[in-house]
Structure formats: C-alpha cells, structure tokens
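The values are calculated or read from the model by the stated rules, or taken from the named source; none is laboratory data. As the structure is a prediction and not an experimental result, all values here were calculated from the model. Positions of Cβ are backbone-derived with ideal geometry, glycine not excepted, and every protein chain shown enters the neighbour counts. When the accessible area is computed, the model is the full protein with side chains, heavy atoms only, and any ligands, DNA or RNA have been set aside. Shrake-Rupley method; radii C 1.70, N 1.55, O 1.52, S 1.80 Å.
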Amino acid sequence: MTSPQTATSTFTQAQLGTLTVIGWSGEHPAGGRDAAFLLVYSLGDGSDGPAAGEAAMRVALEHSRLPVGAGPVRAAETPGLPVKLLVQAGQAVLTLPHITAQYTVPPQWLAAARDHGEVYAMFATRPWPAGAPGRPVDEELLRSFAADPEVIMTSAHCVLPVRSLG
C-alpha cells in the first residue's frame, strides 16, 4: 500500500536574483481619489538565469498563498495570509515568507495609501531588467511593463491594508 505524497516546490534566494519594488499613485480602478500601487519584480539576474528566476518567483508566491493569474487577494479578508505591508518613516516594507522588500515612497504615494488605507500590490513573475535600481523609470516605461496584459496575467495581485508602528 502506498500513501499519497504532496510535492513541495523549493527555490533559493539566488535563483530569484535581485528583487525590486517600485510604487506609484494613480487613478483608483473604481474612480475617485488616487490609489497607491506597488510592483514587485525580479531583474532576472538570478544564479540560474531568467527562466529559473521566473519559476522561483512562482514558488515564492505559492508559498505566500498568492495565486498567479487570479484576481486580487484581499489580505484583510484572508486570515493568516503571510503577506504584510508596513508603512513607516517614508518607507513601504513588504514581507512575505522568504522575501522582504523595501521601497522609499514619494509623498503623493504615501497620501494615497493613507487616504485609502490600502495598497494594490502586483507581484510579477516575469523578470524586468529595464527596471533596475538606479536607472530612471519614467511613466511610459513603467506602463509598458505593468500594464502589459501578459505581465498582468502572469502576476499575483493583492490588496494590502496599510499598517504602521504606533
């Protein structure tokens, strides 16, 4: 007699490569006041190449209970979701199992995040080397990646409540 076994996928931080966060504020999908958005992505510079980095990101998101290619997970309505956002001292810090990413937020992003009390985060599985830290990312370049239908469909989406210390 055999017993069923579940496969557990693993990845290494080296396979993910450089993880980067970029944020912006803009029109809320439902209209009205500006909303705050975060995009988390790898540069594709992981130890085993971009394809392995993409697979590693999928596994990391699976471990975080964020489904790729599905509608947004609302963290406030998902007990035990291991994805958190802390906004403090001009920084947004995203924490997932095995991943912590930090972003220095501009004042308009911070105002939109506080106004809505939540942030829409997109976790791209597809690498984006053009979004490297230290390189200017203008609105058109950001839109060409973040609004690409294929990038949207191969990403995980999450609405996170804004939390702060104190």
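Ala76 sits among other residues whose Cβ lies under 11 Å from its own Cβ, and their net charge, with Lys and Arg +1 and Asp and Glu -1, is 0.
In the complete set of protein chains, residue-level accessible area for Phe11 is approximately 40 Å², probe 1.4 angstrom. Extension gain for the segment Ala51 to Ala111, taken as residue separation times 0.36 nm less the Cα-Cα distance, is 17.9 nm to one decimal.
In the elastic network of the chain, a GNM with C-alpha springs shorter than 10 Å, the most mobile of Pro79, Pro50, Pro133 is Pro79. Of the residues Val68, Val119, the one with the largest accessible area comes first in the ranking Val68, Val119, computed with a 1.4 Å probe on protein heavy atoms. What you get for the chain, charging only the Cβ of Lys and Arg (+1) and of Asp and Glu (-1), is a dipole of about 460 debye around the Cα centre. Using a probe of 1.4 Å, the accessible surface attributed to Asp148 totals some 50 Å² when neighbouring protein chains are kept in position.
Electrostatic tally near Pro67: other residues with Cβ closer than 15 Å to its Cβ, Lys and Arg +1, Asp and Glu -1, net +1. Taken over the Cα atoms of the range 35-104, the convex hull encloses 117 Å³ per residue. The accessible-area ordering, largest first, of the residues Thr104, Thr95 stands as Thr104, Thr95, per a 1.4 angstrom probe. Placing pseudo-labels 7 Å out from each Cα toward the beta carbon at Leu86 and Ala70 gives an inter-label distance of 2.7 nm. The residues Leu94, Leu110, Leu86, sorted by heavy-atom accessible surface at 1.4 Å with ligands and nucleic acids left out, run Leu86, Leu110, Leu94 from largest to smallest. Sequentially through the range 52-63, phi angles give Karplus couplings (6.51, -1.76, 1.60; θ = phi - 60°) of 5, x, 5, 5, 5, 5, 4, 5, 4, 5, 4, 5 Hz, Gly and Pro residues having no value and appearing as x. Kirkwood Rh, the range 67-144, all Cα pairs: how many Å? Hydrodynamic radius (Kirkwood, Cα only) of the range 67-144 equals 14.6 Å. Under a model in which nothing but the beta-carbon of Lys, Arg (+1) and Asp, Glu (-1) is charged, the range 21-83 shows a dipole of about 220 debye around its Cα centre. Gyration tensor analysis over the Cα atoms of the range 35-166 returns equivalent ellipsoid semi-axes of 22, 18, 14 Å (largest first, whole Å). Under a 5 Å amide H cut-off, with hydrogens placed 1.01 Å from N, Thr18 pairs with Leu43, Gly44, Asp45, Gly46 among residues at least 5 apart or on other chains.
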